[in-house]
Every structure is written in structure tokens, then in C-alpha cells.
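Reviewing the structure listed below.
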Amino acid sequence: MTAALALCLAGCGIYSFSGTSIRPDVHTITIEPVLNNAMKVNPSLANDLSEALKDKFKKLTSLEQVEMDGDLILVVTVESYDVKAQGIAKDETPAQNRLTVTCKATFENIKHPEENFEKKSFAAYQDYDADLTLDEVEASLCEDIIETLVEDIFNASVAQW
């Protein structure tokens, strides 16, 4: 019974085994280049996030990516890029630091506007040892943060979680 229902839903185009719920009349997506509005700017973050979003949609959907006027439109901005001390050691110095990236995403489904959302906030962070500088760990931290942000934005838009 469960298998039959899953096959029926997959065949109808409402649900796929990749976890998306894209309706059968939706064929294209426009993913705008990510803008960086953060006070502190990582020069590669916006581009890396843009490419990771495009890759995720390419791998997990059959949507054609178009430069403009897609059936779906995704606009993401980086709002903050912050490092804060986490946990204090015995000598009252930070034991760890936390890099947090916060984004806002706007998702528009031209054919099904009830699925739209505007300026929804997404945040991800990674902790690192306070003995290290941000420059030493920034690239690997950003990879993990981008992966989390992309997963969350993807799920909110086409998986509707």
C-alpha cells in the first residue's frame, strides 16, 4: 500500500524520491547571483554559495536553470558574517570561536504563488579552536556552512520542509 502510494505520487510529479515536491507544470528555475550585504565580507562566499545552490538544484531536480523569468525564482543575500567567542577557558580567554553566516532568501513560484516566501532567514555556524586564526580555518568552515545553508534553502523552497 505504501509503495503504491509513493509510486502514484512520484508519477503525478508532486513528490520525488529526491525529496522535492515540484509540480509537473514547473520546468525552469532562475537562481539569482547571491549578494553579500554583510559588514565583514568573505570575498568568495557569495560566489561559492551561488554555485553550490545551482549544483544542488541541478543534481536533485530536473528543472532547467535559466538566467531570467524562470517558473521558480530564488534570490539569496548574505546578511551577516560574524565571529564570536564561545566558551571561556580557565584563564578567562575564549576556548572556541564561532563563525556564523546568516542569509535571507526569497522564493517565488510564478505558477503556484501559495508556495512563495519572502526574506526567510537561514543561519549556519561552525566552531573552531580559539588558538587558530580565522584565516587558518576559514575555507573549511565556509565549505561546511555553505553546505548547511544550501540544504536548508533547498528544503524550504522545493522540498517545502
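Below is a table of values for the structure above.
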| quantity | calculated |
| --- | --- |
| FRET efficiency, 1/(1 + (r/R0)^6) with R0 25 Å, evaluated for Ala130 and Val41 via beta carbons | 0.65 |
| Violating pairs (Cα-Cα greater than 23 angstrom) within the set Lys58/Lys84; Lys54/Lys120; Lys58/Lys104; Lys59/Lys119 | Lys58/Lys84; Lys59/Lys119 |
| The chain: calculated mean residue ellipticity at 222 nm from DSSP helix runs of at least 4, using -39500 (n - 2.57) | -10000 deg cm²/dmol |
| Efficiency of FRET between Val137 and Met68 - r from beta-carbon atoms, R0 45 angstrom, step 0.05 | 0.75 |
| Total formal charge among the other residues, if their Cβ is under 13 angstrom from that of Glu64, Lys/Arg +1 and Asp/Glu -1 | -1 |
| In degrees, nearest ten, helix 2-12 long axis to first principal axis of the chain (Cα) | 80 |
| Counted charge near Lys104, where neighbours are those whose Cβ lies closer than 11 Å (Asp, Glu -1; Lys, Arg +1) | 0 |
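Computed from the coordinates by the stated procedures, all read-outs in this text should not be read as laboratory data. In this text, all values refer to a predicted model and were calculated from it rather than measured experimentally. No Cβ is skipped: glycine too gets one built from the backbone with ideal geometry, and neighbour counts run over all protein chains shown.
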